[in-house]
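Encoded as structure tokens, the structure appears first; notes follow it.
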Amino acid sequence: MRTGTDVRFMSSGDPRGQEIEEFLRREFPPTAAKAASATDAVVDAIIGSRQVRLGAAPNPESLEAIRAVVRAYMGENRAIPVLIAAGPKKPVPTSVDVAELSALRTLAQLQGAVSANHAPDLEIRMRIEDLTGLVLEGAGIAPEAGRYIADFGALVDVLGYAGFISPVRERDLAGADAFVAAVDEIHAAMMPYLAGTDGSEADMAGWAAAAFMSSPITAEQRAFLMGRYAKLYPDAPPDAHLWSMSRYLSCAVARRRLGASGADPSWDRGRIDISFAPPVPGTPKELVSTRVYYRTVPLSQSKQHIPFWRARGILKVGKGGPRVSFAAWQGAETVEGSAEFRGADRFIVVKADYMVE
């Protein structure tokens with residue numbers, strides 16, 4: 001059991017510090033003690049409730065695939081591997097806030113539930129997509145991404161989660177030059193494919209023959225991605241949005257080609273995937289996968305969902321006490337605050353702005 005982490009809240013605004021400090025200390029406790037139990041209990045913990053899970057439970061075939069992975073590792077008395085992808089920075093120049101705290105709390109609670117049923121616990125690797133960020137946004141993001149990644153790692157460490165959560169940078173999985181070269185090569189073929197097809201079923205044979213991905217990019221998926229780029233870059237023309245979509249998809253293919261998923265080579269019995277990014281509309285519902293989609297903030301605290309690396313996480317203080325929520329990056333009336341989490345030999349300051357409801 002982890003001990004020794006302390007929390008101190010600091011704010012220059014409304015004097016709610018003690019109340020918020022008590023909330024943070026209560027909501028981010030040490031991980032639970034270990035015990036032994038059955039496969040179904042571990043699977044249920046991974047699938048989670050609607051409070052934690054984003055959307056419906058996996059389909060029956062996917063549930064069986066998840067159960068098979070869990071059963072295999074439990075049968076060999078090994079840690080159950082989990083892979084999570086995460087972005088390398090926030091959309092604005094800042095660093096970790098209570099959104100990261102909330103996501104890590106969810107993983108710590110999952111670890112506690114599994115630990116109570118399977119002594120070797122979970123082994124969680126988080127692939128931090130810094131090379132993808134480099135390809136999509138340019139080398140100028142390096143200082144900001146470096147700070148965010150370092151702070152995120154420090155937060156994992158100070159909270160006492162480093163024993164089961166390991167952030168791994170893409171640049172440590174594949175060299176930057178090799179990754180960029182692969183993306184450029186794939187993008188050269190991806191662009192004409194996306195520009196000359198409509199994502200219909202008729203495209204499937206050519207897509208599979210090109211060996212880019214396991215399935216074609218459907219019209220619904222394309223529309224979703226194009227819509228996202230139009231929202232992010234409203235002044236750019238559709239051709240620029242198409243270019244961005246191609247580069248993004250090319251990064252995913254390059255990662256697969258270079259073996260840079262972040263999975264440990266010892267994971268010979270498969271793995272569980274947890275995604276804080278929502279599924280792209282148009283993903284086949286019959287797809288068999290070991291992936292489960294998680295919320296950054298529990299449903300009881302916010303109905304909204306944003307992946308933690310894209311979100312401005314804040315605290316909302318109401319009659320029921322503080323809760324984690326989200327706010328817009330600009331225009332939201334919040335009180336500036338921060339929380340210092342201090343461990344045995346290091347500390348990390350987490351942005352903890354709040355608003356009074």
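The values are calculated or read from the model by the stated rules, or taken from the named source; none is laboratory data. This is a predicted model, so every value here is computed, not measured. Cβ coordinates were reconstructed from backbone atoms using ideal geometry, including for glycine residues, and neighbour counts include every protein chain displayed.
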### Task
Filter the range 308-328 down to the residues that are under 19 Å from VAL96 (Cα atoms) and among the basic types (Lys, Arg), then identify the one that is surrounded by the fewest Cβ atoms within 10 Å (Cβ to Cβ).
ARG310
### Task
Output the number of residues of the range 248-266 satisfying the condition of being within 14 Å of ILE217 (Cβ to Cβ) and in the same structural domain as SER166 (by TED's automatic domain parsing).
0
### Message
Can you pull out every residue in the range 41-73 that is of a type in the set (Gly, Ala, Ser), within 16 Å of ALA113 (Cα to Cα) and free of Cβ contacts under 8 Å to residues at least 24 places away in the same chain?
### Response
SER49
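Is at least one residue of the range 55-78 in a loop (DSSP other than H, G, I, E, B), touching a Pro at 6+ places or on another chain (Cβ under 8 Å) and either surrounded by 20 or more Cβ atoms within 10 Å (Cβ to Cβ) or of a type outside the set (S, T, N, Q) (or both)?
Yes: one or more hits.
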### Matching residues in the range 41-54 - criterion: being in a loop (DSSP other than H, G, I, E, B) and among the β-branched types (Val, Ile, Thr)
VAL52
### Message
When you check LEU287 against the structure, is it out of contact with any strand residue (DSSP E or B) (no Cβ under 7 Å at 6 or more places or on another chain) and in the same structural domain as VAL168 (by TED's automatic domain parsing), yes or no?
### Response
yes
### Task
Considering every residue within the range 84-107, establish whether at least one is at pLDDT 95 or above, crowded, with 18+ Cβ neighbours inside 10 Å, acidic (Asp, Glu) and over 22 Å from ALA311 (Cβ atoms).
no
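Let's see how each residue does on (1) within 20 Å of TRP267 (Cα to Cα); (2) modelled with pLDDT under 95:
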{"residue": "SER49", "(1), (2)": "no, yes"}
{"residue": "VAL70", "(1), (2)": "yes, no"}
{"residue": "GLY75", "(1), (2)": "yes, no"}
{"residue": "GLN109", "(1), (2)": "no, no"}
{"residue": "GLU129", "(1), (2)": "no, no"}
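Taking the conditions exactly as written (over 17 Å from the mean Cα position of the chain (by Cα) and at pLDDT 95 or above), does ASP239 satisfy them or not?
Judged against the criteria, ASP239 is not a match.
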### Query
So, in the range 159-173, of the ones that are over 16 Å from the mean Cα position of the chain (by Cα) and within 10 Å of GLY262 (Cα to Cα), which residue ends up surrounded by the fewest Cβ atoms within 10 Å (Cβ to Cβ)?
ASP172
## Note on the structure
(1) at pLDDT below 95; (2) exposed (fewer than 13 other Cβ atoms within 10 Å of the Cβ); (3) in a loop (DSSP other than H, G, I, E, B) all hold for GLY227 apart from (3)
### Message
Looking at the structure I just gave you, is PRO307 of a type outside the set (A, V, I, L, M), within 21 Å of SER325 (Cα to Cα) and outside any strand (DSSP E or B)?
### Response
yes
### Query
Restricting attention to the range 159-179, which residues are in a helix (DSSP H, G or I) and closer than 24 Å to VAL92 by Cα?
GLU170, ARG171, ALA176
### Candidate set from the range 59-101 (those that are touching a Gly at 6+ places or on another chain (Cβ under 9 Å) and acidic (Asp, Glu)); member that is farthest from LYS316 (Cα to Cα)
GLU100
### Query
Counting just the residues of the range 328-351 that are free of Cβ contacts under 8 Å to residues at least 40 places away in the same chain and among the polar types (S, T, N, Q), which one comes out nearest to THR94 (Cα to Cα)?
GLN330
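Which of the residues that make up the range 337-354 are part of a loop (DSSP other than H, G, I, E, B) and at pLDDT below 95?
GLY343, ALA344, ASP345, ARG346 - these are the residues of the range 337-354 that are part of a loop (DSSP other than H, G, I, E, B) and at pLDDT below 95.
Could you pull out the residue among ARG295, ARG346 that is among the basic types (Lys, Arg) and within 27 Å of ILE46 (Cβ to Cβ)?
ARG295
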### Task
Please tell me if TYR354 is in contact with a Pro (Cβ under 8 Å, 6 or more places away or on another chain) and in contact (Cβ under 8 Å) with a residue 60 or more places away in the chain.
yes
#### Entry: Candidate set from the range 275-296 (those that are in a loop (DSSP other than H, G, I, E, B) and in contact with a Phe, Trp or Tyr (Cβ under 7 Å, 6 or more places away or on another chain)); member that is surrounded by the fewest Cβ atoms within 10 Å (Cβ to Cβ)
PRO281
### Message
Can you tell me which residue is surrounded by the fewest Cβ atoms within 10 Å (Cβ to Cβ) among those in the range 129-158 that are assigned to a helix (DSSP H, G or I) and of a type in the set (Asp, Glu)?
### Response
GLU137
